[in-house]
Structure formats: structure tokens, C-alpha cells
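K.L.:
The structure is given below, and queries will be raised subsequently.
The values are calculated or read from the model by the stated rules, or taken from the named source; none is laboratory data. Predicted model, so just to flag it, every value in this text is computed and none were measured. A quick note on method: Cβ atoms are made from the backbone with ideal geometry, for glycine too, and the neighbour counts reach across all protein chains shown. Ligands, DNA and RNA are excluded from the accessible area calculation, which covers all protein heavy atoms including side chains. Shrake-Rupley method; radii C 1.70, N 1.55, O 1.52, S 1.80 Å.
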Amino acid sequence: MADSLENSELMKNVPLIPLRDLVVFPATLVPFIVGRPSSIKALEKAYEQDKLIFLAAQMDASLDGPLPKDIYSLGVIARIIRTAKIDERNMKVIVEGLNRARIDRYLSTYPYYQITARIVKAAEEVSPEVQDLLKRVLGLFEEYLKINHNTSLDSMTPALRENSTDRIADIIASNLYLPLEEKQNLLETVNTGERLRRLKFLLQESLENAPARETPSGSPRRKVAMRDINQKAFIPGSQFKKEEQPNEIEELRKKVFEAEMTADAQDKALKEIERLESMPPMSAEATVSRNYLDWLISLPWNKKSREKRDLNEAEKILNEDHFGLEKVKERILEYLAIRQLVKNPKGVILAFIGPPGVGKTSLGKSIARATGRKFIRLSLGGIRDEAEVRGHRRTYIGAYPGRIIQMIKRAGTKNPVFLLDEVDKMSMDYRGDPAAALMEVLDPEQNREFLDHFIDTDFDLSQVMFIVTANSIDPIPRPLLDRMEAIKLPGYTEDEKLQIARHFLIPKQIKAHGLSAKNLEFTDQAIMKIISEYTREAGVRNLEREITSICRKMVKKVVVKGREYHEKLTPKSVEKYLGVPKYRRLEIDRQDEIGVALGLAWTEFGGELLTFEATKIHGKGNLTLTGQLGEIMQESAQAAYSYVRGKLYEINLGKEVEKNFDIHIHVPEGAIPKEGPSAGITIATSIVSLLTDIPVKKKVAMSGEITLRGRVLPVGGIKEKLLAAYRESMTEVILPIDNKPDLKDLPKKLRQNLKIHLVENMDQVLELALTREFIPKKGPQEEEKKDKNEAAVTEPGAPSGVAKEPGLTN
């Protein structure tokens, strides 16, 4: 580009930027700040065209709008290397000086300066005298650098070696601390020999007067020169001046005092401003300081949302947004009641635990609306670095605060509702454990002084209302869980889903698709068909997706047939819009079968009904397990098999089985992993049924862990499992007696339609699950013990040896 410019005498339509206290020389890289609107427009125009711009110094730096007569006519054609926006008014730019040029004519002065420029070719001398003069100037320049810049000529050797005599003279001139008029004079000295003679004189004068001479601002010249060269360290020959000189330091100080920071934060901010004041504005360190100050100033140190404390209004909002969830709503109202009596109560940390689609995240939004606070959400899924929570220290390149401080800044207040979503999906690696970092955030005793590594000062999180969500409670570390108040949100029954669809989902989607109630009407039977045959979930997310699909198809009909079109959605028309049903009920209408038992399982998506099949083949008493069973479930199956073999010996079947048969247990849907101990009694029942040829009742489902002695231990996910049994039309469910406390808050529908049996041992399970009695051979002492147990736990009308839960059986 430089060669092409030298061959071109005249350049037309070149944007011009007048510079304050800055002269740009050819062969140098120069950073500076542009702030005037006209200069920014000139910069943008040049960037759009060919990135070439004319740079000339203005004679009086105090003029905001210089006229053509106030600008030196000789300047430099430069190429724009890089631009970056500093703030709303200022841009920083790096340019490379190419050739001297003189303004030939001003084409326009508004909205920016545009000129015709004529290239000025250097009159370069190559005589021995000039070469000797260049060596002398280089020697003086090296001494100048040692005294003024605390550096050597070695760092600049590549630039000085690879350029011509003319370019070397320009590089030396650009690195001298000289008044503007003197630098302009050097730029206008086109003859290389004359420029070198002038440089020799200036260098000699500077070396003689360096210890005592001061700059116009009153500071020692040596210090100014050192600062001047240090900021140019990134490339030889570059220099920095401000084309605009906004009073940045004073503005920062003003913002610091207006931010109402804590005393420690304010002290750190003011010290950082002092450091920034002594730095070169374009240096990397200055950029880090500005970024740090911006974060400190922008945080809501003392800004709070005005909180609503009207319990009636809060209850109304919660009921408008969500159906059911009474325990959660009650807890929120209790919190608001406490806020009315206690001025500054401790922050509350609630943990919503439940399957997807039950409304955990949307409940957080409703709480924010009910309390009048800002709402912010941070997804923790996949976070594996502690610095994501606490931030990076400012010593690292590209450091930034952690996610907590980032979200607080986005909220703009210090008391938002802060939703930490999917906390159970976090992981850890060699960079640290984010869950450990969260313990400080979620501890009401500690979060008053939360320390982010980047901010490096305490920030008060005690007034933040933290809400944590998770699908499963098990992956959450116990110390972290101990800091939360866990509230479980179980899955919805089909009747609850019907009400949610009718009162929330359908009106929402009809409105979102531009329809009205007269265009589309859902019957209850149609909604139930969608729930039972097109979705299988604990929540309502897929249900809403299917309703959305129907609404989209209805929009097309309304557009074609007119706004008055009306359709009533029936179970038959559901298949027309959604196609063949995606799910079918288990084949439970068959006859009672030998070796087949129904177990209940818990998943993150709700409860499931699993079929356990057992068969025997010729062998030597080995046990084979298939169906992608996890390690814990395999151990549970081994325990069940050992228990059954012990029982078979009591009725003289054990040796026969061990000598002649292998047992194969299979759980269908083999592509789905299965894990947990709760299938123990189901596996044992299917094996006993197989080996005794007694069928298992087809309407009985069960869940419980088994021991080698035949005891039945408690399991989790009871409500979800019972919902699955109800969904699949089971009539009886067998559960461990230690799960009795989990049955208190069951929905009325489950109580009315499920007969729930609570058992202590495997004998009771077999008595309930098999179609006829399985009586192991017992001695007189065991019979007497059995009679005593029956007298203790059996109620009138209950099967022998079975404890019935009052009010739960039909």
C-alpha cells in the first residue's frame, strides 16, 4: 500500500482527523483516542472505504472545532490497523503512518473533514556524510534512551535495521519528547540530511539538560519520557497522545462516591484510580484497571427493590400463576409475614426438588412478582470450574467476576430473587468444585461477606432471596443441601394435569396463537386422551407442547375458513391432529402369569411401572440378569435370589433347583438403564412364582428393598411411584411399613383408587402378591412366633400378617 501511495501524486476524498498535541510520523504505529463526533464519523468513513485516513496536528489543542486555518497543512497518510469502542463517546484506534502528504484542498468540513491530499516524496540523501551522521545520531539516541527511558537500543534494533535512512530518522523523531511545534518542524523537514542534523542537535541538547530540565507541566522530563516510552513498549516507534482529553479520572472519582460503596470497596476504587492516573491510557494495565473500576461502580451496593408485603395480593398472584403447590405457596407467605415483623431478617434459601415440568423455574418468577423484586436466573448445569462462581483473580489475562456477581449487576438491585437452576447438574474437575464455592453463597451466616476473587472486596448477599432447583436430591452434596430448606414438588396426577391444562396451558396457547375461545374448544375427554396417550411425564411440559401443536394446526384452518370458524376437540379429533398415540398402557388385562411381577421405579421424570420376568432353564442354579440393570439393582437381585433359595430349602425344593435349573431375570425396555435397590421384593416375588408355579396377581404393583433375612426396607419416591401405579390402572400397591410417613400428603384420588399395603417382611409380600398361599415348612417355634406377630399387626378384615394403613385402603 505504501508503494502505491508513493506512485500516486494526488489522493481524493480522504477523511481527515485533526490531532491534539500529537504528530504522527511515517513508519510508526500510533495509538490514540478519538472522541469528537466529526472525528468518529471520519474514522468510520475511512474504515468503510480503504482504511486510509489523513492525520494532521491542530495548532491550538484547546479548540474543540478547529477550522481549516487552525490545522497544519502537512500531515501523514495513515492506515487504520485496529479500532475499539471505549465507551459511548470515545473510541481507541491504532494507525500506521505511511507517507507524508500535504492538504491540497478541503472538500467538506461537515459532518467530517474531507480533503484532497498530495503525497510529499522524501528527498533522501545517500552520501557517506549522511551515513556518518546517521551513526552519530543512533549513538546519541541510545544514550538518550538510557537516561530518559531506562531501556536500550537493542529493543528497537529490528525496526531501525529494516528501514531506510529516511524511515530511521522518522522513527527516532517519533520517540523523542519534544514540543508539538518542534515535532511538526521535523515532519515538515523533507530532506533526510537536514532532518538528521536537526535530530543531532536536539539529542545533544536533551542529553546536556536532561537532569534539570522540566516539562511544561512541571514534572521532571526524565519521568515523562520514561512513561512515554513504556506505553510504546508493544512496538518500537509507537507513541500515545489523546486526540480528545475527557476528564476521565474526575468522572471516575465522582461515580465512585455516587455508587455508595462499602468503605473497603471505596478505598480500593480510589487507590485503583490513583494507579490508573499514572498509567499510559492505552496500556494493557490501564485497560484492566478501567474494567475493574467499571465493575465496582456498576454493582448495586445500596440499591434495593421496594418490596411488596401484602399477603393477600401475594397469594392472589401465586394462585394465578400455579395450580396446587400448596406447601410452597404457604412457605412464601410465611416468609412475607416475617418480613412485616422483622426489619432485616436473614436471607432465605429455598430448594425446589422435583421432576422436570412441574413448575420450579416458573414458580421462582411468580415469587419475584409477588414480592415486587427483580428476577434473575443462573443455570448451573455443566458448570465445573470454581472460578465460574467466585471469579478469576485480576492477575490473569481476560479475568472477570464470577457468575454470582455478574447476575447481581444485571439485576441492578441487591435484593433480587435469584434462581440457581439445575444445581444437581454441576460437576467438578481439576479446576475446583463449584458446589464448595456455592456453600458460602447459600449460607445465611456467611453470604453477608461474599468475596469474589475479581472484585476483591466483600459484597453483601444476605438480602438476596436464593431459590435452588434440582430434579434429584441425591447428587447435591450434603453440606450444600444442609444450607437449604428443601421443598419437594412431586409430579401431578392426571386430574391435576387436566385442571392445569384447562385453566393455564390452553388459554395461554390460544392467546399466543391469535385464536379465541370461540375458535377452539377442548373437551375434558380430549385433554385426558392427550395426557394419557401422548405424554408420559410427571410435569406438564410435553402436555403444553402437544396443545401448542393442536393450536398451530387450528390457526391454519382459521386463516383458510375465516375468523368465525369453530371446532370442538374430541378424543377422535385428537388423533387427527396428533397422529397415532405415542404411549400405550402395559398389557395388564391379560391373565395372572407365573414368573411375572410388576415393580415401581422412580426416575427424574416421575414414576414408572416396570415388568420383571423370570424363567428357568436347564443348568446348575446360576442367576442371569438382563435389561441393562445397574450394579445396585444386580446386587439387590442376588440378595433376592439368595433369600428365595433359602426359603426353597425349607420346603425341600432348594436342592432340585440348584441341581437342575438356572434362573434368568429380564426387565423389558433393555435400552433404558435401570438402577436402585427398590426392585428387591419384586424380583423375589417373580422367582418364587416361577419355582412354585403360583401366578402373580396382575393388578398388584410393589416396591421395596429386600435383605437376606427377608426383611423389607424403605425406599424413596413414594408419591411418584403411586402416581405411576394409578396411571397404569393398578388396584393394589405393596410398600415397606417404614414408608408410612410418606403417605400423609397423598392426593385424594390416590387414596380412593389404590389399596396400599404396608409390609415388614417377604412372607407378607408373597401372601399379598401370589394368587394362592405360599406356606414354607415351619417348626413349632416359628408357628408360635408367627401367631404372635399376626395378633400384633393384623386388623379386622386385613389379610393374615399384613398391616393396613387406615384410610388408605378401599
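K.L.:
Sorted by accessible area (1.4 Å probe), largest first, how do Met528, Met59 line up?
P.N.:
On the way: Met528 50, Met59 95 Å².
The most accessible residue leads, giving Met59, Met528.
K.L.:
Lys pairs in segment 413-522, Cα-Cα under 24 Å, at least 8 apart or on separate chains: how many? Each step should come with its number before you reach the end.
P.N.:
On the way: Lys425/Lys488; Lys488/Lys497; Lys497/Lys508; Lys497/Lys511; Lys497/Lys518; Lys508/Lys518.
So the count of such lysine pairs works out to 6.
K.L.:
With an 8 Å Cα cut-off and a minimum separation of 6 or more residues, compute the relative contact order for segment 420-466 in percent. Let's see the in-between values first.
P.N.:
Details: 35 pairs, mean separation 11.4, N = 47.
Normalised by residue count, the contact order of segment 420-466 is 24 percent.
K.L.:
Quick one: accessible surface of Ile297, probe radius 1.4 Å, all protein chains present, in square angstrom to the nearest 10.
P.N.:
30 Å²
K.L.:
Give the cross-link partners of Lys755 among the lysines, using a straight C-alpha distance below 17 Å as the criterion and excluding same-chain residues fewer than 8 apart.
P.N.:
Filter leaves Lys697, Lys698, Lys699, Lys719, Lys721, Lys740, Lys744, Lys804.
K.L.:
Find the accessible area per residue for segment 508-616; the probe is 1.4 Å, ligands and nucleic acids are left out, and the unit is Å². Don't skip to the end; give the middle numbers.
P.N.:
On the way: 5870 Å² over 109 residues.
Accessible area per residue: 54 Å².
K.L.:
So for segment 389-532, considering every pair of alpha-carbon atoms, how many percent are separated by more than 27 Å? Write down the numbers at each step before the final one.
P.N.:
Numbers: 4629 of 10296 pairs.
Of the Cα pairs, 45 percent sit more than 27 Å apart.
K.L.:
Further, regarding this structure: Quick one: work out Rg over Rh on the C-alpha atoms of segment 529-641, Rh as Kirkwood radius.
P.N.:
Working: Rg = 22.0 Å, Rh = 18.4 Å.
Value, to two decimals: 1.19.
K.L.:
Once you order the gyration tensor axes a ≥ b ≥ c over the Cα atoms, which shape class does segment 455-591 get: rounded for a/c under 1.5, otherwise prolate or oblate by comparing a/b with b/c?
P.N.:
On the way: a/c = 3.41, a/b = 1.66, b/c = 2.06.
Verdict is oblate for segment 455-591.
K.L.:
Could you tell me the accessible area of His503 in Å² (1.4 Å probe, neighbours in place), rounded to the nearest ten?
P.N.:
Its heavy atoms expose roughly 110 Å² to the probe.
K.L.:
Moving to a separate point now. Beyond 22 Å, what share of the Cα-Cα pairs of segment 641-756 remains, rounded to the nearest whole percent?
P.N.:
Details: 2793 of 6670 pairs.
Considering segment 641-756, 42 percent of its Cα-Cα pairs are separated by more than 22 Å.
K.L.:
Let me ask another. In whole percent, how big is the carbon plus sulfur part of the accessible area of segment 274-325, probe 1.4 Å, protein atoms only? Before the final figure, lay out the partial values.
P.N.:
Values: 1310 of 2870 Å².
Answer for segment 274-325: carbon and sulfur cover 46 percent of the accessible area.
K.L.:
With a/c under 1.5 counting as rounded, go ahead and sort segment 330-396 into rounded, prolate or oblate using the C-alpha gyration tensor (a ≥ b ≥ c being the square roots of the eigenvalues; past the cut-off, prolate if a/b is larger than b/c, else oblate).
P.N.:
Working: a/c = 2.66, a/b = 1.48, b/c = 1.80.
In terms of gyration-tensor shape, oblate.
K.L.:
If Asp474, Asp424 are ordered by their accessible area, calculated over protein heavy atoms with a 1.4 Å probe, which sequence runs from highest to lowest?
P.N.:
So, going from the largest accessible area down, we get Asp474, Asp424.
K.L.:
When we measure straight from the Cα of Lys561, which aspartates and glutamates land under 19 angstrom away, once same-chain ones fewer than 8 places off are left out?
P.N.:
Glu521
K.L.:
Okay, moving on. In what sequence, highest mean first, do 507-517, 71-81 appear when ranked by Cβ atoms within 10 angstrom?
P.N.:
Values: 507-517: 14.4, 71-81: 20.6.
Peptide ranking by packing, descending: 71-81, 507-517.
K.L.:
For Val644, what accessible area in Å² do you get when you roll a 1.4 Å probe over the heavy atoms of the protein chains, rounding to the nearest 10?
P.N.:
0 Å²
K.L.:
Also: Of all the accessible heavy-atom surface of segment 366-509, with the other protein chains kept in place and a 1.4 Å probe, what percent is carbon and sulfur? If you can, show how the numbers build up before the last one.
P.N.:
Details: 2780 of 5770 Å².
Ligands and nucleic acids excluded, carbon and sulfur give 48 percent.
K.L.:
Using the alpha carbons of segment 695-778, what is the convex hull volume per residue in cubic angstrom, as a whole number? Provide the component values of the computation, followed by the final result.
P.N.:
Values: hull volume 7.8 nm³, N = 84.
Spelled out: Cα convex hull of segment 695-778, divided by residues, is 93 Å³.
K.L.:
To continue, here is another question. Across bins of 10 angstrom width beginning at 0, how are the C-alpha pair distances of segment 324-465 distributed, in whole percent?
P.N.:
Here the calculated profile for segment 324-465 is 11, 40, 35, 13, 2, 0.
K.L.:
Let me ask something else. To make sure I understand the rule: partners must be aspartates and glutamates, Cα under 13 Å from the Cα of Lys303, and not fewer than 8 residues away in the same chain. Which ones qualify?
P.N.:
Glu258, Glu260, Asp460
K.L.:
Quick check: from the Cα gyration tensor, does segment 412-471 come out rounded (a/c under 1.5), prolate or oblate?
P.N.:
Working: a/c = 2.10, a/b = 1.21, b/c = 1.74.
Note, shape of segment 412-471 comes out oblate.
K.L.:
Pairs Lys308/Lys529; Lys69/Lys135; Lys45/Lys69: which are spaced more than 30 Å apart, C-alpha to C-alpha?
P.N.:
Details: Lys308/Lys529 42 Å; Lys69/Lys135 39 Å; Lys45/Lys69 23 Å.
Pairs exceeding 30 Å: Lys308/Lys529; Lys69/Lys135.
K.L.:
Now a separate question. Using the Cα centre of segment 1-107 as the reference point, and only Cβ charges (+1 on K/R, -1 on D/E), how large is the resulting charge dipole? Debye, rounded to the nearest 20. Mind showing how you got there, number by number?
P.N.:
Numbers: 15 positive and 14 negative charges, 29 e Å.
Roughly 140 debye for segment 1-107.
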